[in-house]
Structures are given as C-alpha cells and as structure tokens.
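Quick notes on the structure that follows.
The values are calculated or read from the model by the stated rules, or taken from the named source; none is laboratory data. Source: prediction; values computed, not measured. A quick note on method: Cβ atoms are made from the backbone with ideal geometry, for glycine too, and the neighbour counts reach across all protein chains shown. Heads up: the accessible areas ignore ligands, DNA and RNA and are worked out on the full protein's heavy atoms, side chains in. Shrake-Rupley method; radii C 1.70, N 1.55, O 1.52, S 1.80 Å.
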Amino acid sequence: MAAPFSRVYRPLWRIITTSTLNRGVRNVSSSRQQLSAQNVKPAGAASPWALHGAVCVQRLPAVSQDRSPIEEEFMELMHQKDVSSSERCLADSLILLVKKHVGSQKLWLLPQIQWQTGETLRQTAERALASLPGADLTATFLGNAPCGFYKYKYPKDIQKEGSVGAKVFFFKAVLPSHKHLPLEKNSFAWVKKEELQDFLKPEYLKQVRRFIMAL
Amino acid sequence: MNTLLNKVLLLQNTQALVCAGSSVQSQLLTTHMALGVLLTNRQYRSMPTHGIGKYRHLLPKALPKKKKDRVQVKQIKAATATEFGVFNVCVSGYDMTLVEHYSQYIHNLCNHLDIKVDESYALPTKSTEVMLMQEQGTKMYLDAVLKTHERIVQISEMKATLFPIFMDVVLKNQPEGVRFCVKQHSETDFQARFKTRPELEGLLAKINN
C-alpha cells in the first residue's frame with residue numbers, strides 16, 4: 001500500500017485557484033463489475049487485533065471560474081467558519097470527521113466501525129457510513145481495495161489475553177456534490193487537508209495524511 | 001604451381017586495376033566529368049577495410065506497408081482477483097475542447113502511472129436540436145443545435161489497489177460541463193462502433209427465411 005502512494009502522491013500536486021458560482025454537476029456513475037476482495041478471517045486463528053473498517057468520505061471541489069469580490073465576501077460570511085457545513089471551501093476537497101468516544105476520551109476520527117465475521121471490509125466501511133447518526137449520506141465507494149491503514153494498541157489496563165489493539169482499514173468514498181447535508185455541529189466536521197492537524201491526533205494524522213490528496 | 005601463379009597474377013592484376021580504378025576515379029572527380037560510368041571498387045573479405053562503408057544493416061528494419069486488415073474482435077480479458085478486466089472511461093459533454101482535453105489528460109495520466117491503455121477513440125458526435133414553440137401557433141422552430149461529443153479511453157489490467165487513487169485524481173480534476181463515467185467493456189460496446197450494413201442484413205434474413 002505504500003508503494004503506489006509514494007509514486008503518485010508528490011508529482012500530482014496542483015494549485016486550484018478557481019472558486020465557484022454554482023456547484024458543478026458531477027455525476028459519479030460507476031457500473032463496473034465488483035471485484036470479490038474477500039477478507040474473511042479464518043475461523044480458527046484468532047489474532048489479537050480487532051479489525052475496523054473506516055471510510056474517508058470526500059466532498060469533491062467544484063472546478064469553475066473565479067469569483068468576483070462581492071461573491072467572495074458573501075461566501076466568507078456564509079460558510080467559511082462553520083466547520084460542519086459541507087459547502088465550506090468549494091475550491092478544496094473536504095473530508096468528513098466524526099467525534100467519537102474511544103475508551104474514555106472523545107476523539108475526532110474518520111467514521112469507523114468494528115468488523116463482523118462474514119462481511120468484507122468494504123461492507124464494514126459502508127456500514128460505518130450508514131450508521132452515522134443523523135446523516136443520510138449516500139457516497140460512491142471508489143474501489144474494493146483499502147487506501148490506508150492505521151494500527152493502534154489499547155492502553156495497558158484494557159489489554160487482555162486475546163486483544164492487543166485494533167487495526168483500521170480506510171476506504172475512499174466520494175459524495176455527489178449537489179446535495180445539501182445538514183449535520184450536527186459538535187459531532188461532525190468537514191475539514192480541509194490543512195486543517196486536519198487541528199482535529200486529529202499526530203500518529204493518526206500521519207497515517208491518514210498519506211492517502212488524502214489535496215489537489 | 002600454376003594455380004598459385006594464376007592467383008598471384010590475379011592479385012597483381014586486380015591490385016593494378018584497383019590502383020588504376022582509384023586513379024581514374026580521382027581523375028574523374030577532378031575533371032568534373034559525368035559519373036555515369038561506375039567503376040566497381042571490389043574489396044576482398046581479407047582486406048581489413050572490407051565492408052567499411054556499409055550502413056544499411058544499422059538502420060531499423062523498414063517493413064513493407066501492409067494494407068489495413070479488417071479490425072479483429074479482440075478477446076476481452078476477464079477480471080482477476082487483483083486486477084480489473086477491460087473497462088471504458090467515457091468522457092462526454094457539449095464543449096469539445098473541454099472533453100478533448102480531459103480525455104487527453106486521463107490518457108496522459110495513465111501513461112504516467114504505467115496503466116495500460118488499450119485504445120483511445122471517439123464516438124460519433126450526436127446532435128440534439130433544441131426546438132421552441134412559437135408564441136402564437138403550434139409550430140416548433142429550431143432554436144439551437146447542441147452537439148454531444150464523447151471520448152473513450154479503454155483501460156485494461158489495472159490493479160485494484162491503484163484504482164481508487166486513479167479515480168480520486170480524475171474526479172478532482174473534472175471540469176464543469178463534462179460528464180465522466182466508468183463502464184465495463186462489452187462486446188456490444190465494440191460492435192456499436194461499426195456501421196450497420198443494411199443490404200448484408202437483408203440478405204442474411206432472406207437466407208434464414
């Protein structure tokens with residue numbers, strides 16, 4: 001998983017200085033055959049790592065002509081500072097973050113949920129998206145292969161014989177850009193790549209940053 | 001003995017000829033006479049400079065130009081567990097420059113990422129006539145003609161791990177006014193590119209009936 005990223009990531013930097021007047025219609029329709037990437041754990045060998053599937057939902061930027069100064073000001077007033085609005089910075093791609101209880105703390109994370117036996121990790125990620133409270137997000141998943149991975153150990157007092165920590169696999173998904181999504185303020189955030197460091201823990205951020213492209 | 005003598009004589013003769021030839025040639029060159037008369041400077045294989053001027057064997061082999069055969073139906077590769085089969089990325093829109101540039105961008109991106117591009121072709125332009133009703137009366141008159149251009153980039157054997165990255169990049173750079181979709185390639189897609197032959201179909205129907 002590291003190899004494709006290091007090759008693709010750096011040279012594809014682009015600076016988009018365009019902003020929007022109205023959202024461009026972007027219809028993501030992929031009716032291709034689904035690969036069967038079965039990730040079923042063998043029944044006998046129980047590893048001490050719990051598997052989680054997480055989804056990286058992106059709201060794509062709208063590519064269009066530059067805004068006039070009045071429109072700029074208006075946009076500033078309306079949406080810039082409100083982190084939970086999905087119409088924030090239309091020139092950049094935004095990622096959905098969720099505030100979640102992990103152990104005793106409340107952390108900002110990408111939406112994730114525990115894997116259950118018998119389902120593929122992508123189905124876990126879809127469930128993670130569907131189980132978000134209050135948001136009916138129908139996102140198109142970009143593939144059956146995960147794009148990122150994060151491994152963490154539980155704190156010492158929670159660690160038992162069979163559970164050392166958890167491994168999280170991230171899947172990429174894309175939102176159709178013309179939908180308005182009212183979300184709760186305190187638990188959801190639409191965040192640019194540069195703002196991620198204000199929300200995520202450093203170790204987590206390091207892994208997540210590898211697969212998020214800010215083009 | 002005789003053969004030896006003959007050979008020696010031959011050698012001497014040819015050497016003399018060679019000298020004479022070269023002198024004649026140089027004379028010709030200096031006197032600017034028409035070089036219609038070719039003097040063969042035969043070199044022997046034992047000469048160290050044998051074949052010194054040859055260069056035809058160094059040039060790439062230029063194959064004789066074939067006439068275009070009928071386009072064969074290529075075997076459509078099936079998907080494996082780690083790779084996709086053959087799929088088409090279709091870019092369509094009303095503005096030809098945008099569509100063309102976007103499809104070129106996708107093609108170049110594939111080349112850069114070492115993704116195999118089987119074909120890259122354009123489908124025929126479809127014209128849509130926009131007709132408006134007249135203010136009084138029921139007649140419709142032609143207001144505008146919208147042309148839908150479509151370009152297809154056919155990709156095969158793409159790794160499943162690379163696909164989300166590829167899609168991400170392509171989607172983030174999609175210009176407005178351009179529709180983008182990814183479809184599995186099928187036999188019908190291939191056949192749709194060809195013109196129908198009504199006489200042939202008529203004859204076939206007659207034969208079958």
Response to the item:
Per the charge dipole of region B:54-209 (beta-carbon charges, Lys/Arg positive, Asp/Glu negative, Cα centre), the residue among B:Met158, B:Ser92, B:Tyr55 reaching farthest to the positive end is B:Tyr55
Discussion item. So if each residue of separation counts as 0.36 nm, and I subtract the Cα-Cα distance between B:Val145 and B:Leu132, what length gain in nm does that give?
Written reply: 3.5 nm
Practice prompt. Treating cross-link reach as a plain straight distance, find the aspartates and glutamates whose alpha-carbon is under 19 Å from the alpha-carbon of A:Lys100, omitting any fewer than eight places away in the same chain.
Written response: A:Glu126, A:Asp136, A:Glu184, A:Glu195, A:Asp198, A:Glu203
Item to complete: Take the alpha carbon atoms of region B:160-188, find their center, do the same for region B:127-147, and report the distance between the two centers in whole angstrom.
Response: 34
Discussion item. Buried accessible area between B and A (1.4 Å probe, both chains summed, ligands and nucleic acids excluded), in Å² to the nearest 100?
Written reply: 2800
Practice prompt. Treat each spin label as a single point 7 Å out from the Cα along the C-beta direction, and report the A:Arg209 to B:Asp95 distance in nm.
Written response: 3.5
Item to complete: May I ask which residue of A:Leu109, A:Phe141, A:Val168 lies farthest towards the positive end of the charge dipole of region A:83-215, with charges of +1 (Lys, Arg) and -1 (Asp, Glu) on Cβ and the Cα centre as origin?
Response: A:Val168
Worksheet item: Considering only protein heavy atoms, what is the solvent-accessible area of B:Leu200 at a probe of 1.4 Å, reported in Å² to the nearest 10?
Response: 80
Worksheet, complete the sentence: Taking Cα pairs closer than 8 Å and at least 6 residues apart, the relative contact order of region B:84-147 in percent is 22
Worksheet, complete the sentence: At R0 = 25 Å the Cβ-Cβ FRET efficiency linking A:Gln116 and B:Glu157, nearest 0.05, sits at 0.15
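Given a Förster distance of 51 angstrom, what is the FRET efficiency for B:Lys54 paired with A:Lys151, based on the Cβ-Cβ distance and rounded to 0.05?
0.20
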Practice prompt. Please label the shape of region A:51-124 as rounded, prolate or oblate, based on the square roots a ≥ b ≥ c of the eigenvalues of the alpha-carbon gyration tensor (a/c under 1.5 means rounded; beyond that, a/b larger than b/c means prolate, else oblate).
Written response: oblate
Fill in: Computed E for B:Thr125/B:Gln104 - FRET, C-beta separation, R0 22 angstrom, nearest 0.05
0.80
Worksheet item: What are the residues whose amide H is under 5 Å from the amide H of B:Glu150, where those residues sit 5 or more places off or on another chain and H is modelled from the backbone?
Response: B:Leu123
Worksheet item: So how strong a dipole does region A:59-109 carry about its Cα centre when Lys and Arg Cβ are +1 and Asp and Glu Cβ are -1, to the nearest 20 debye?
Response: 560
Practice prompt. State, to one decimal in nm, how far the label point of B:Arg193 lies from the label point of A:Asp136, with both points 7 Å from Cα in the Cβ direction.
Written response: 4.2
Fill in: Pairwise label distance in nanometres, B:Lys66 with B:Ser46, each label 7 Å out on the Cα-Cβ vector
4.7
